[in-house]
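The values are calculated or read from the model by the stated rules, or taken from the named source; none is laboratory data. Treat the numbers as computed from the prediction; the structure is a model and nothing was measured. Note that we place each Cβ from the backbone using ideal geometry, even for glycine, and neighbour counts take in every protein chain shown.
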Amino acid sequence: MNVSFFFEVLIGGLLAGVMYSLVALGFVLIYKASGVFNFAQGAMVFLAALTFVSLLERGVNFWLALGVTLAVMVVLGMAIERVVLRPLVNQPPITLFMATIGLTFVLEGLSQAVWGSQPHGLELGIADVPMQWLADSTGMFISQFDLIASGVAAVLVAALALFFQYTRVGRALRAVADDHQAALAVGIPLKNIWAIVWAVAGFVALVAGMLWGARNGVQYALTFIALKALPVLILGGFESILGAIVGGLIIGASEKLAEVYLGPMVGGGIESWFAYVIALLFLLVRPQGLFGEKIIDRV
Amino acid sequence: MKRMTIAVALVAASAFSGTALAQAKEQFVPANFYWVGPYAPGGSGFGGGIIDFMMMINERDGGVNGVKLTWDKCETEYNNARGVECYERQKNKGPTGATVVHPLSTGITYSILEKATADKIPVISMGYGRTDASDGRVFPYIFPLITNYWSQNTAKIKFIGQKEGGMDKLKGKKIVNLYHDSAYGKETIPVLDVQAKKYGFQVTHIAVPHPGNEQQSQWLQIRQIRPDWVILRGWGVMNPTAIKTAARTGFPREKMLGVWWSGAEEDVIPAGDAAKGYYAAAFNLPGTQHPVMKDILKYVYGKGKGEFTDKSRIGSIYHTRGVVAGIITVEAIRTAQAKFGKGKPITGEQMQWGIENLNLDAKRLKELGATDLMQPLKVSCKDHEGGGAVKFMQWDGRAWKVVSDWIPSDQSIVRPMIEESAAQYAKEKGIKPRDC
């Protein structure tokens, strides 16, 4: 076995896993605060990226476009809380889940109705080419774009962890996540908390959309990246930010290694479902995921 | 009261006969395409092209010998079930029913193949669909016109041969076939294997799972193989992702050659500068310089009746592909009218005759203002493909540049494979091939 190539595949997989984690983070935020599995996260990534790139193409300054898109995502988060979630408070989780499925189609349709269905290129000024010095010294082709994306993900995770751990809003979010009614009973404004967390999820969607959009172009298929986040969530746990990162790294590395070393034996194209095999194996051992909370019901 | 009743009856009767007369001078063509979803750029571009062309014929010529072309849109979402639903919903519209169907999806083509044959409605699957339907003896109502996938593939190998300095130079070369892991993607594996044996090159087939938005592992494998060329058989997001990932792993784009479903502006623009130098196959060429496109601009967009609000899409690859589909449709209607009655709407069965007797030679293409837009096309009872040649384009970062002449396909490889596959289908379905 070529050791250098093995490490190239491994590192490439870990870096791809970080990109999956970025999407998984949005799911975790909303699940953590409301117990809702937000099926619409992929559509939110698409809407954010499409809005941003469409503004850029209309000559809007980069930072202004970023600010306007962020504002759109915050307003959207608040609107979702007001129109979709508030009427469903105390409804079973499956009802809220179904509501987010409906929301997915609304957001996908709305995005294309407003901005059109054409794909766009997105240039963030970060070259997506292999680092020559690394290629010359080790023979490994690692893109600097991936390294920068990993840095962005690390900063985002650190900021969210601090936010949840050390701010009043963060503590309130955790209280709401534990028990809606108990949180309401001690005076935590559920409506505000949900609006905040959906707005933060909108911000995370914008970051993920910009990075994925710069990588593959901004087009409808961005909604599919939610499928990449699912095994990450199963493995890492639905309410753990750290789990989203570790899960992403494990899924990214294992699916790439499987595709390269096992794929040719079975005709290739296995990585998309192999990620779910890994996730299911973890599920058998730890049903709550690696970092999920173990729930014990007393009967 | 009696007089009043008679008067009302007369007015109603005259109104009815007026409607009937108006209907009698119409030819209905279903517009079953996709304007939303992941494949909307292709669906809306092609659909826009064919509708713009039919609108131009109505506006400029008053229809085909006075018969106005009509259409209704039906959103298929590139989904087989929706495609069948649209087919059923539209097939009886118009005074003579649906004239012809363009499913714009290999899956939908397969789904309606038997229904359309039973309903006697021709299906034109131009550049997609079932390759062995080129054998018209077995598939009388299915027309994979101009060039099918296998023909295209042999032309690609000829193009690579040209670039390498001759077909004999292919011996010992390595080619990777990076394909969408679907029936569409796998379609050309057998023909590539046959050519690998014939010319002595080594081919490796690498699958990309749907939708293809992550290809790091495939391209790392490609880097290990160190191929001379990579053939990209992608669709949708798989195309820009492949081009971008090639750049990330240091593979030269000047050694990448895409199928015509990987060769639209929508496939390269999202990849940005990484797409510079990338080649793609084409059976229609882009641009607004063709006289027929100028007429569309004048008679359709000049009157505010065009399909696109984004004018930059006029003359794009998908748009001109739709225009070519429009030309073929209208010319086949014209051919059928010449036999079954000029100035009268034709039935699906008559349209089938019209397509089978279509002859768009260089002279006719010039009259149509489409000389450099498409290749000459002659269809027959036996040959439902008609053309078979392919041109190649290279993306320069802003536009496609044509870099070859029409390169004919290798029918010595393709036709026997088509006939063998069609004969197998006929045997399975109990079809007695027509005597052509």
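Summary table
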{"item": "Residue within region B:385-397 that is surrounded by fewer than 16 Cβ atoms within 10 Å (Cβ to Cβ) and over 16 Å from the mean Cα position of the chain (by Cα) present", "result": "yes"}
{"item": "Meets criteria (surrounded by fewer than 22 Cβ atoms within 10 Å (Cβ to Cβ) and either touching a Gly at 6+ places or on another chain (Cβ under 6 Å) or basic (Lys, Arg) (or both)) for B:Arg248", "result": "no"}
{"item": "Qualifying residue in region A:13-31 (condition: modelled with pLDDT of 90 or more, surrounded by fewer than 19 Cβ atoms within 10 Å (Cβ to Cβ) and part of a helix (DSSP H, G or I))", "result": "yes"}
{"item": "Residue ranges of helices (runs of 4 or more DSSP H) in region A:156-227 with at least 3 members within 17 Å of A:Gln41 (Cα to Cα), under 13 Å from the mean Cα position of the chain (by Cα) and modelled with pLDDT of 85 or more", "result": "A:190-216"}
{"item": "Of residues in region B:196-209 being crowded, with 20+ Cβ neighbours inside 10 Å and in a loop (DSSP other than H, G, I, E, B), the one nearest to the other protein chains (Cβ to nearest Cβ)", "result": "B:Pro209"}
{"item": "Count of residues meeting criterion [buried (at least 21 other Cβ atoms within 10 Å of the Cβ) and small (Gly, Ala, Ser)] in region B:281-305", "result": "2"}
{"item": "Filter result for B:Gly430 (farther than 18 Å from B:Pro122 by Cα and touching a helix residue (DSSP H, G or I) at 6+ places or on another chain (Cβ under 9 Å))", "result": "no"}
{"item": "Single unsatisfied condition, A:Ala199 versus (1) within 12 Å of chain B (Cβ to nearest Cβ); (2) closer than 23 Å to A:Leu156 by Cβ", "result": "(1)"}
{"item": "Test: residue in region B:349-362 that is of a type outside the set (A, V, I, L, M), under 26 Å from B:Leu297 (Cα atoms) and surrounded by 16 or more Cβ atoms within 10 Å (Cβ to Cβ)", "result": "no"}
{"item": "Enumeration of residues in region B:286-332 that are over 18 Å from B:Gly43 (Cβ atoms) and either part of a loop (DSSP other than H, G, I, E, B) or among the hydroxyl-bearing types (Ser, Thr, Tyr) (or both)", "result": "B:Gly287, B:Thr288, B:Gln289, B:His290, B:Tyr299, B:Val300, B:Tyr301, B:Gly304, B:Lys305"}
{"item": "Number of the exception - B:Gly306 against (1) small (Gly, Ala, Ser); (2) on the phi < 0 side of the Ramachandran plot; (3) touching a strand residue (DSSP E or B) at 6+ places or on another chain (Cβ under 9 Å)", "result": "(3)"}
{"item": "Residue match in region B:153-171 (condition: within 24 Å of B:Gln218 (Cα to Cα), in the same structural domain as B:Ile189 (by TED's automatic domain parsing) and over 26 Å from the mean Cα position of the chain (by Cα))", "result": "yes"}
{"item": "Count of residues meeting criterion [crowded, with 17+ Cβ neighbours inside 10 Å, part of a helix (DSSP H, G or I) and of a type in the set (Asp, Glu)] in region A:94-149", "result": "2"}
{"item": "Cross-chain or 6+ apart pairs with Cβ under 6 Å, region A:84-97 first and closer than 15 Å to A:Asp179 by Cα, then surrounded by 12 or more Cβ atoms within 10 Å (Cβ to Cβ)", "result": "A:Pro93/A:Gly35"}
{"item": "Scope region A:226-239; condition surrounded by fewer than 22 Cβ atoms within 10 Å (Cβ to Cβ) and more than 9 Å from every other protein chain (Cβ to nearest Cβ); matching residues", "result": "A:Leu230, A:Phe238"}
{"item": "Count of region A:248-293 residues which are within 14 Å of chain B (Cβ to nearest Cβ), over 14 Å from A:Ala16 (Cβ atoms) and either out of contact with any Gly (no Cβ under 6 Å at 6 or more places or on another chain) or surrounded by 22 or more Cβ atoms within 10 Å (Cβ to Cβ) (or both)", "result": "12"}
{"item": "Residues of region B:58-83 satisfying the condition of being crowded, with 17+ Cβ neighbours inside 10 Å and part of a helix (DSSP H, G or I)", "result": "B:Asn58, B:Glu59, B:Asn80, B:Arg82, B:Gly83"}
{"item": "Residues (assigned to a helix (DSSP H, G or I), facing another protein chain (nearest Cβ under 10 Å) and either touching a Phe, Trp or Tyr at 6+ places or on another chain (Cβ under 9 Å) or farther than 16 Å from A:Ala127 by Cβ (or both)) located in region B:243-254", "result": "B:Ile243, B:Thr245, B:Arg248"}
{"item": "Scope region B:84-137; condition out of contact with any Leu (no Cβ under 9 Å at 6 or more places or on another chain), over 24 Å from B:Ile346 (Cα atoms) and not in a strand (DSSP E or B); matching residues", "result": "B:Ser105, B:Thr106, B:Gly107, B:Ile108, B:Tyr110, B:Ser111, B:Thr131, B:Asp132"}
{"item": "Cross-chain or 6+ apart pairs with Cβ under 7 Å, region A:119-131 first and within 7 Å of another protein chain (Cβ to nearest Cβ), then of a type outside the set (D, E, K, R) and assigned to a strand (DSSP E or B)", "result": "A:Pro119/A:Val218; A:His120/A:Val218; A:Asp128/A:Ser143; A:Val129/A:Ser143; A:Pro130/A:Ser143"}
